[in-house]
1. Quick check: pseudo-label points 7 Å beyond the Cα along Cα→Cβ at LYS3 and HIS26, how many nm apart are they?
2. What angle do you read, to the nearest 10 degrees and between 0 and 90, between the alpha-carbon axis of helix 3-15 and the longest principal axis of the chain?
3. What is the distance, in nm, between label points placed 7 Å from the Cα along the Cα-to-Cβ direction at LEU80 and at THR15?
4. Using unit Cβ charges (K, R positive; D, E negative) and no other charged atoms, how large, in debye to the nearest 20, is the dipole of the chain about its Cα centre?
5. May I ask you to list the lysines whose Cα is less than 26 Å away from that of LYS3, ignoring any residue fewer than eight positions away on the same chain?
6. Identify which of LEU99, LEU73, LEU54 has the largest mean-square fluctuation in a Gaussian network model of the chain, with springs joining Cα atoms closer than 10 Å.
7. Write down the Å³ per residue value for the convex hull defined by the alpha carbon atoms of the chain.
Amino acid sequence: MGKTTLLERLVPAITARGLVVSLIKHSHKNIDIDHPGKDSYRLRESGCKEVLLLGNDRWALMHELRDAPEPSLDYLIARLQYCDLVLIEGFKGGTFPKLEVWRASLEKPPLAPAWPGIVAIASDTQLAAPEQLFAEPGLAQFNLADTAAIAEFVLWSAVAC
């Protein structure tokens, strides 16, 4: 809980440095940015594999999977236009560096360090020392409200990749 809220704060902190940021969000739910009755919805439902919708302020490409497997993250990244940084929400199983948002109030243990790729954790509560909370020392820890420090870490991690 709180991943999107953190990203909403990180994006302006990073773009303020003159960087172009894109984002890929994975959802385990069915998503639909289109609505019944709209022309694009009707054409998509008629069997189109892709429908590109262009309006005055933005465009969106909708690609129907039609029971095909989800594409890989690499495939999706390759479809993005030029940017300096791609932020990713979800895709827990990927091998890229991850920052876990953890809240004690959810009464669930953190995913780190058991989950692959988690290099940092941000929480709204004080965490125990890494050697006490985690088997893997060196896991970076941040206060969830410290957007500037998290942005620095994200940019440092992106360069280190």
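1. In this crude spin-label approximation the distance works out to 0.8 nm.
2. Tilt of helix 3-15: around 90 degrees.
3. Those two pseudo-labels are separated by 1.3 nm.
4. Values: 16 positive and 20 negative charges, 47 e Å.
I would put it at about 220 debye.
5. Leaving aside lysines fewer than 8 places away in the same chain, those within reach of LYS3 are LYS25, LYS29, LYS92, LYS98, LYS108.
6. LEU54
7. On the way: hull volume 24.3 nm³, N = 161.
Residue-normalised Cα hull volume stands at 151 Å³.
Throughout, read-outs are computed from the coordinates displayed, never taken from laboratory work. Just so we're clear, the structure is a prediction, and the values are computed from it rather than from any experiment. We place every Cβ from the backbone using ideal geometry, glycine too, and count neighbours over all the protein chains shown.
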